[in-house]
Every structure is written in structure tokens, then in C-alpha cells.
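S.K.: I'd like to ask some things about the structure below.
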Protein chains: 4
Amino acid sequence: MRVDLNCDLGESYGVWTLGHDDEIMPSLSSASVACGFHAGDAGVIRRTLKLAKAHRVSVGAHPSFPDLAGFGRRPMALEPEAIEDLVLYQVSALAGMAAAEGLRLAHVKPHGALYNVAARDRTVADAIARAVALFDAGLVLFGPPDSCLIAAGVAAGLPVAREVFADRAYEPDGRLRSRSLPGALIVDLTSIGDRVIQMVEEHTVTAVDGTCLPVHVDTICVHGDTPGVPALARCIRTTLEKRGILIAPPSPPQL
Amino acid sequence: MRVDLNCDLGESYGVWTLGHDDEIMPSLSSASVACGFHAGDAGVIRRTLKLAKAHRVSVGAHPSFPDLAGFGRRPMALEPEAIEDLVLYQVSALAGMAAAEGLRLAHVKPHGALYNVAARDRTVADAIARAVALFDAGLVLFGPPDSCLIAAGVAAGLPVAREVFADRAYEPDGRLRSRSLPGALIVDLTSIGDRVIQMVEEHTVTAVDGTCLPVHVDTICVHGDTPGVPALARCIRTTLEKRGILIAPPSPPQL
Amino acid sequence: MRVDLNCDLGESYGVWTLGHDDEIMPSLSSASVACGFHAGDAGVIRRTLKLAKAHRVSVGAHPSFPDLAGFGRRPMALEPEAIEDLVLYQVSALAGMAAAEGLRLAHVKPHGALYNVAARDRTVADAIARAVALFDAGLVLFGPPDSCLIAAGVAAGLPVAREVFADRAYEPDGRLRSRSLPGALIVDLTSIGDRVIQMVEEHTVTAVDGTCLPVHVDTICVHGDTPGVPALARCIRTTLEKRGILIAPPSPPQL
Amino acid sequence: MRVDLNCDLGESYGVWTLGHDDEIMPSLSSASVACGFHAGDAGVIRRTLKLAKAHRVSVGAHPSFPDLAGFGRRPMALEPEAIEDLVLYQVSALAGMAAAEGLRLAHVKPHGALYNVAARDRTVADAIARAVALFDAGLVLFGPPDSCLIAAGVAAGLPVAREVFADRAYEPDGRLRSRSLPGALIVDLTSIGDRVIQMVEEHTVTAVDGTCLPVHVDTICVHGDTPGVPALARCIRTTLEKRGILIAPPSPPQL
């Protein structure tokens, strides 16, 4: 049994630092690296790639809408062609910089609003999948289970990885519980460990009302800007390893 | 006998168009494509690459200081590491987008102020050469003859191409005549044709005072924003071909 | 009888030029000047203000979503507070630069996607109106007749100006005919002149199916990037003046 | 006896935070607020202005070269006209946003590389002074004693404030000791207090070799990104107040 453990990294910019990349990296099997459009100037990208290399962590591109001021979290109504071009540009930049460090890009995970929009809008998801497939049809596309993003990846012939969030609660209908509601975020490390094991071993997750939902997990995400995330990442890694579960990048093809 | 004929293309941005790419492309053997930092958003880059492909023109990256408002023409005092990272990012983006069109990047030519600074500042030139060599040591680095840029390229083990400008006058000491002085720009097509033949066949150029200067030319540049440049490019191509000179991308290694 | 004739100007950026400001300006009574977020760097803004001053044309701010690459034409899902802050920043910048030329800002007209979104989304419209009222409650807010933008302006105590487009066809329900449909753009100058007179004198417009719709017009817009717009603006001005209609900036309060 | 105590604030951007504005503000008499070109988006500017207002701290604009990625610390070779326009734009934006909070802009202090270049380059200093005088000839221009910036301000008819740094050592020739040399930064709070009192009361400063240099101080700067700066600012304020020195914004005219 195996699962990937990923985090969004390289989200500093110029003098501004964000996240705890040095502390989180050792716990991960995959790092999604910002490409300069929501965060991550060229110097930050390079340092992040070197850090991933030092810890033998697999790297992926984390492309975004072009919105530094909004950190890529604000949906933008771009034409599909514009999205395809933007994703291709960002994946290319990341892949080339990775190659210069002797690393091969392994996956692509859209960031923030682009991820959320692509999860439910097939046109946007298809544009992203086209860009990835055009660049390298061996790249694994990350997306939420049962999302348009995963469907678009499969249709484009890409390997895909279904991603869940270790510390987020689910509604009975399978959606993530809104952050504006109580109980949306799970903070107890033991509970998080139990949930992760249940998702990986039993392919289920327990919703807020106790309902048991089916879920297929290829990669578990911890958010780089969650407080205490280094401890959270270490806890998940240790918990999974104790159960004999291998923490490793998704091995395509997944589906 | 052979020489390359290149032009800076893809310098539109969003709704703003610049240059006459469609008309110039058929005359060229190489196109230097803006990478998004002084001009050229992802959509413009892609259209430019498709156009180059359609005309079987070799493509290169045209990286710049990060300065859209100044079109990369204003020197910026960046640390060498920052320059190395910026060039690596831009070359990577261009190369990946070219690969997606089935094209292999052939050369790198710094743009505007970055080109001018690197021509005379060896530290900046070395930073650029390091980035190019790190990405692909087979890429040809373009620069003025006898410049720091060419020296840095050679030292980094890169093939290089010595570039001259078809329509610019030279001072007796070998420098380009300043645009603020009379006679800096040569506009008569016959004169330009004669000069180009002299440079390619005799390896000399006649300065403004009549002095005959030695010059070694691997590539001839026409500026995309010069008025009448499509006619100029066609004239140079025709003139050279009539003399039996092959117009083709620089074949590394040059030196 | 009087009406304002306005155009979006100052939409060049750095080396890139757009529009025909020099030719259009003499025909206008108001100019809406780009503020740097979709177009218009500080140098362009200043030249545009000087040009307006030379022709005694009233100036307004033309704030936008922050999207140079998309020319402010792509809706962005910004929080109302972010919109209020962005509009306040842009109006402030324009007003201060106008004051430095001895001009007093007279109006605010949101640009592109911000205009379209605010026309139908009261929350966005209120955010814009708050910013304008906070800066100067004497500024006239431009918007489509019967839009959320006009309603928000009135609610915020601002003078408003209801804007129509001289060369666009209307559907029977009062909306602008989509540019993707035939007949959306009216190109015949005589027809445009007739329509403008009808709108100003009779307060009606004839829809594509012949229906006569009521419309109240305070300002007529010609688009700076429409081909032939200098002639169009001159034609409208001449046509109106021949009927004895005064072309002048909206005189607040309008409603 | 009186002196101003100022700090650069509002240097966060989007999700990225920098500095300790909340803790420093209560100790200051003046705040120099980033204008969006090196830091400080519109939301950050507004929060900073509200904070200054709450603590009755005088506000000024802190304009910069347009360089978010480099935090305005990298000199750019801009034409004087471009600098004048950029400063005018940024001062206008800040002044308008301040007015919306009921505040009147009191000073202008160029940021980072623009400050350093203007200190020794009279052409750049004159461009800045022209922009400030054009906007409001009552604004106080901050600059180092005996600098081109102060000279340009005086020549332009502006009130000026000569600025020193509380925690930096001086060479015998009056220049700031380079940060790359030992002893450049003074960290002992008692020493800093003594130096500040000496500068304000005796108009002298002791250089690293013991030489006593004359210095005229109108405003003392603490850097917002120095570690421990809130304690430093409080210490300076307390030390000065104990000596009966009034901490207040510079009262123009200074010279």
C-alpha cells in the first residue's frame, strides 16, 4: 500500500517569505512549486528546487491565474486558450528550471482559484489538461476525486492523482465543509492520523454527520500556510509509516 | 559561405501589437522571441512560435530585465544570481513552449538593456552564460563581436554567434555610432546590401570616416520595430542569396 | 438641450500605443483616462491629461481590475473591499496627476469588465460608489441607464451620468446586442447620427426589431479602439451641434 | 527642541506580511507609507493610513522604482521624466487615499534605491523634487544631510527634513559605514539613545574612529525591517522625551 504526501511550497516572493519550506520538505514525497504567477520569483523557485533535491522529494508545477496581489485565490474569467497558454508557460518555466537542477518534473497541480474553478468547470479543466499533455503526457495531473480536473486529465490521456486534504472535514454529500462553518478544520493530530489511515486503507472518509463516504486517495495534501503544518506533516508521515504504508510519489498510470 | 539573418519578434503584449512579425518572418533564418518580461505574454509567444514553425525559421529565447513598462530598455542593477535565475526562467519558459510546438530552441539573445550591459560587463555576461549552459550547453549565445557576452559564452563552453546590425553605422574605433548623431542609421537599401555583403564576404565594415574595420559576422540583425523592416529584411535576403550566400541559423560550434 | 460626448483615452502603455487620442480629443467634452491598471503608465497618463487640457476637455478616471495582460476585460472575483480600495487608489492617482496639470477630476467611469460586472452586480457597484464618494462626492459616476452602477451612485449621493453607446444596436429588452450577433455594430455614420439625435431629443432608441425603447442619456460614448473613431466622433459632434444641442460635460446633479 | 521620528511602514503585499506596523506606530511622529511600486497594495495602504490616524501619526508617501520583485532596492536607469511621472503618480495615489481617511499628506521620502540614487545624483533628485513641488509645494522632502536630494528640495522651494539613521555607524568622512563592514550596525540601545541625544542636542555624531562630525537632524529614521525595531523605537522616544525633546513631525520650512 502506498500514498503520496504533497504540499504547496516556494510561495515566498522577493523579500517576502511565506511558509516553512525547510521544515516541511523532509516529510513530503511531492512538492508543488509556485511558478511565479501567484508567488515564487525565479530565485525562490530555484531555492525550492534545490531543497526538494536535497531531500529527494519529487517536484511538480503549481501554476496559477496571473494574480500576485491576490495570491491566485481570486477566480478570473479567462478564455480557455488563455488558460492553456498560461499553464503551458508556467509548467515550461518550472520544468526547465528543474532540469537545470537535474530534476525531472513529475506532476502538475493547479493552484488556488484555478484549482477550484477547474474542479467544477470542464472547459477550464480541459484547457489545463491540454497544456499538460502537450508539454509532457507523462506528467501526473492532481485534482479532487470525482472532479472535472481528474476527468479532463483522464480524457487527455494523462496519469492522474486524486487528492484529499488531511485536515478538512467533509459534508455528507462529499464536498469539503466550508471554512466559514464550525468544524471545517480538523486540528487534533490523532484525529487527522486516524482519518488519513481510514482514507488510505479503507477508501472511506467519515463526514461531519457520521456518514461513511467512499473516497479514493492517491495523494494527501497539507497546506503550506496552515499553522503548525511541519508538525502535521511529520505526524501524518509517521502515522502512515507505522502502518507500513509507503509514502511515495504517485506512480502513473493511476487510472 | 553562410550567415544567419535574425530579428526580435513576438513583442506584442495583450491587446497591444508591435512589429510586423507576419511580414518579416519569411525572410529570416532565426527569430529571437520575447519571453514575457519585456514583452510577449504566453499567447503572443505561442502565436510567434507557430509562425516560426510555419516558415521553418529557427527560434531562440530573447530574455530581458523584468520591466514591461520600460520594454526592457532600462538597465537594472541586479545581482548576478538574480540575472542567472531570470534568464534561466525565461529560457525555460520559451524552450518548453517551443517543444510543445515540436520546435527545439536553438539560441539565446539577451534583449535591450540586458544585451547592452552584458556586452561590456563580464559579471553580467557570465551570469547569462551560466544560465544558458545550465539549461542546454548546445544553445548558441548571440552577442556583439569582441564583447564580454561572446567571451563569457566561449568561457562557458557555449557555441556563440557574433551579431552585427545591418543598418547601423560604425565609428572608427569599432563601436556603433550613437543614435543621437547624424548618420547613425543607414536607410538606403542598396548601401545596406553592399555593407552586408562586405561584412560577410570580406569580414570588414567601413566606418563613418572611411576606415576599414575587421568584423566577423555569424548573424545579421534587423530590428523588428524599424520602419520598413519587412522590405529591409527581404532586400538583405535577396542580396545575399544572389551572391550565393546561404541564409541559415548559426551552426555551432562557431568558435 | 445638452449631452456629454466621452471616449476612453490614454490606453497606451510603455512602447505600445493604442488608439488615436490626438485625433479624437478635439471632438469630446469628456475623456475617461486609464489609471495604470489595465493600461496607461504614469507617462501616458500625464500626456493624456495635457492633451485634454489643451483641448479644454473635462477629465475623469477610468479605473479597472488589475489586469494589464487582459486589458481589464476579464472579470475577476474580488472582494468588495478590494474593489473599493483599488478604485480609490486609481481615482486618487488620476486626480492628483490632473491637479498637477491644473485640472479638476470631473467623473469616474469603471473600465471594461469592472464596468460590466458593476452594471449588474449591486455589491460591486456599491463598492465602486463608496470609493468615489469617499474621495469626492462631487464626482459624476458614469454607468448604463437602469444599471446597478447608476443605482449605487444615486444611493451614495453621487451625481450620475447615464451612458449610451453611439454605434451599438439594442435588443427589444433594452440590453446591448451581443457583439457575436450580426448587426451588433452600427457602422453607417448617418444612421449613427440619426440614432444619437433620437436618443438625446426624444429619449428613445429603436431596437433591432423596430421596437421603440425609452432611454435617458447624459453622456454618449465612442470607443477609442473602434476603427474610424475620429471620424465617428467628429460626425456625432457636428450632427448634434447642427441641431443646437450643446456638447458639454454632465452638469451634476443629474438625477 | 524638537525632532521627528519616522519609520517606513505599509510594506506588506497581498498575503505577504512584513514589518511590525502595529507595534511601531505608537512610537512614531511620522510614517512613510509604501505606495504600491515596491510594496503596499491598495488594501495595505488603507490599513496603514487608518493605523496612523488612530495613533495621530503624520503620514508621508514613500515612492519607489517600479520593482516589486526587488523591493525597490535595485537601481533602475530611468529617464528623469519617467522618475518625475512615477513619483507624481505614487504621491497622488497616497495623498488621495490619505484624504479619504481625513488625513493630509505631510512629507515625501523616496524609498530604497531611489533614495540612494537621488542622494548623490542631482538629476534624479531634481526630478523627484519637481514632482513633489508640482503636487504640493508644502510637502516636506526627506533626504540625507548634505545630499543632492536636500539640495534639490531647497532649489524647488520645498521644505526639507534632513534624516539620520539611529542605529548606523558613520565613517570619518561622514558617510554611513557599509553594512558589509563590522560595526556598521549599532545594536546596544543605550548607545543608540546616547547617539540620538548627541545628534539632536549637540548637532554632532561620533564616527567609528572617534572623530566628531557635525550633523543637522530634522528627522530620525528607524527601519521597519530591523529585528527588534519596536523596542528600538520605544527606547528612542523615551530617551528623547526624558530630555524634554519634543517628538513631532518636521515643521516646514526647515531651511
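The values are calculated or read from the model by the stated rules, or taken from the named source; none is laboratory data. For clarity, every value in this text was computed on a predicted model and none was experimentally measured. Backbone-built Cβ (ideal geometry, glycine too); neighbour counts: all protein chains shown.
S.K.: Given A:132, A:140, which one is crowded, with 19+ Cβ neighbours inside 10 Å, touching a helix residue (DSSP H, G or I) at 6+ places or on another chain (Cβ under 7 Å) and closer than 24 Å to residue A:94 by Cβ? Break it down into steps so the answer makes sense when it comes.
M.R.: Details: A:140 fails: touching a helix residue (DSSP H, G or I) at 6+ places or on another chain (Cβ under 7 Å).
After applying the criteria, what remains is A:132.
S.K.: Quick one: in segment D:189-217, which of the residues that are aliphatic (A, V, I, L, M) and part of a strand (DSSP E or B) is farthest from residue D:231 (Cα to Cα)?
M.R.: Step one: filter segment D:189-217 for residues aliphatic (A, V, I, L, M), giving D:189, D:192, D:196-197, D:199-200, D:205, D:207-208, D:213, D:215, D:217.
Restricting the remaining residues to those that are part of a strand (DSSP E or B) gives D:205, D:213.
Numbers: D:205: 22, D:213: 27 Å.
Here the answer is D:213.
S.K.: Out of (1) under 30 Å from residue C:132 (Cβ atoms); (2) without any contact (Cβ under 8 Å) to a residue 12 or more places away in the chain, the odd one out for residue D:178 is which?
M.R.: Residue D:178 satisfies every listed condition except (1).
S.K.: Please work out if residue A:244 is in a loop (DSSP other than H, G, I, E, B) and within 19 Å of residue A:144 (Cα to Cα).
M.R.: Values: in a loop (DSSP other than H, G, I, E, B): yes; within 19 Å of residue A:144 (Cα to Cα): no.
In short, no.
S.K.: Which residue, of C:54, C:61, C:93, is modelled with pLDDT of 95 or more, surrounded by fewer than 24 Cβ atoms within 10 Å (Cβ to Cβ) and among the aliphatic types (A, V, I, L, M)? So that I can check it myself, show each step before the final result.
M.R.: Working: C:61 fails: surrounded by fewer than 24 Cβ atoms within 10 Å (Cβ to Cβ); C:93 fails: surrounded by fewer than 24 Cβ atoms within 10 Å (Cβ to Cβ).
The unique qualifying residue is C:54.
S.K.: Read through the list (1) touching an Asp or Glu at 6+ places or on another chain (Cβ under 9 Å); (2) on the phi > 0 side of the Ramachandran plot, then give the number of the only condition that residue C:97 fails.
M.R.: (2)
S.K.: Follow-up. Can you list the helices (runs of 4 or more DSSP H) found entirely within segment A:75-169 that contain at least 3 residues being within 12 Å of chain B (Cβ to nearest Cβ)? Lay out the reasoning, then the answer.
M.R.: Values: elements: A:80-100, A:112-120, A:122-135, A:148-155.
Hits in segment A:75-169: A:80-100, A:122-135.
S.K.: Identify, please: which residue in segment C:107-123 is in contact (Cβ under 8 Å) with a residue 40 or more places away in the chain and surrounded by 24 or more Cβ atoms within 10 Å (Cβ to Cβ) and is, among those, farthest from the chain's Cα centre (by Cα)? Break it down into steps so the answer makes sense when it comes.
M.R.: We begin by selecting, within segment C:107-123, every residue in contact (Cβ under 8 Å) with a residue 40 or more places away in the chain; these are C:107-114, C:116-117, C:123.
The next check asks that each one be surrounded by 24 or more Cβ atoms within 10 Å (Cβ to Cβ); those that pass are C:107-111, C:114.
Details: C:107: 9, C:108: 8, C:109: 5, C:110: 8, C:111: 8, C:114: 12 Å.
Among those residues, the one meeting the criterion is C:114.
S.K.: Considering each of B:219, B:211, B:206 in turn, give the residue that is surrounded by 15 or more Cβ atoms within 10 Å (Cβ to Cβ) and out of contact with any Asp or Glu (no Cβ under 6 Å at 6 or more places or on another chain).
M.R.: Within the list B:219, B:211, B:206, the selection yields B:206.
S.K.: Considering only residues that are of a type in the set (D, E, K, R) and buried (at least 20 other Cβ atoms within 10 Å of the Cβ), which ones fall in segment B:1-51? Give the steps one after another, and end with the answer.
M.R.: Initially, segment B:1-51 is screened for residues of a type in the set (D, E, K, R), giving B:2, B:4, B:8, B:11, B:21-23, B:41, B:46-47, B:50.
B:4, B:8, B:11, B:21, B:41, B:46 - these are the residues of segment B:1-51 that are of a type in the set (D, E, K, R) and buried (at least 20 other Cβ atoms within 10 Å of the Cβ).
S.K.: How do the pairs read when you match residues in segment D:124-147 that are over 21 Å from residue D:216 (Cβ atoms) with residues anywhere that are of a type in the set (S, T, N, Q) and surrounded by 21 or more Cβ atoms within 10 Å (Cβ to Cβ), using Cβ under 8 Å and keeping only pairs 6 or more apart or on different chains?
M.R.: Matching pairs, first to second residue: D:135/D:92.
S.K.: I'd like the residue in segment A:31-56 that is of a type in the set (A, V, I, L, M) and closer than 27 Å to residue A:74 by Cα and, out of all such residues, is farthest from the chain's Cα centre (by Cα).
M.R.: Of the residues in segment A:31-56, the ones of a type in the set (A, V, I, L, M) are A:31, A:33-34, A:39, A:42, A:44-45, A:49, A:51-52, A:54.
Subsequent filtering for residues that are closer than 27 Å to residue A:74 by Cα retains A:31, A:33-34, A:39, A:42, A:44-45, A:49.
Numbers: A:31: 8, A:33: 9, A:34: 11, A:39: 15, A:42: 20, A:44: 18, A:45: 16, A:49: 16 Å.
Here the answer is A:42.
S.K.: Give the residue, chosen from D:80, D:159, that is surrounded by fewer than 21 Cβ atoms within 10 Å (Cβ to Cβ) and touching a strand residue (DSSP E or B) at 6+ places or on another chain (Cβ under 6 Å). Working first, answer last.
M.R.: On the way: D:80 fails: touching a strand residue (DSSP E or B) at 6+ places or on another chain (Cβ under 6 Å).
After applying the criteria, what remains is D:159.
S.K.: Give the residues of segment C:124-162 that are closer than 19 Å to residue C:81 by Cα, touching a His at 6+ places or on another chain (Cβ under 9 Å) and charged (D, E, K, R), sorted by residue number.
M.R.: Across segment C:124-162, there are no qualifying residues.
S.K.: Counting residues that are out of contact with any Gly (no Cβ under 9 Å at 6 or more places or on another chain), under 26 Å from residue B:201 (Cα atoms) and more than 14 Å from chain C (Cβ to nearest Cβ), which strands (runs of 3 or more DSSP E) fully inside segment B:2-70 reach at least 2?
M.R.: Working: elements: B:2-9, B:30-34, B:58-62.
Passing ranges, in order: B:2-9, B:58-62.
S.K.: Then there's this: Taking the conditions exactly as written (surrounded by fewer than 20 Cβ atoms within 10 Å (Cβ to Cβ), touching a residue at least 12 places away in the same chain (Cβ under 8 Å) and not hydroxyl-bearing (Ser, Thr, Tyr)), does residue D:75 satisfy them or not?
M.R.: Numbers: surrounded by fewer than 20 Cβ atoms within 10 Å (Cβ to Cβ): no; touching a residue at least 12 places away in the same chain (Cβ under 8 Å): yes; not hydroxyl-bearing (Ser, Thr, Tyr): yes.
Spelling it out, it is not the case that residue D:75 is surrounded by fewer than 20 Cβ atoms within 10 Å (Cβ to Cβ), touching a residue at least 12 places away in the same chain (Cβ under 8 Å) and not hydroxyl-bearing (Ser, Thr, Tyr).
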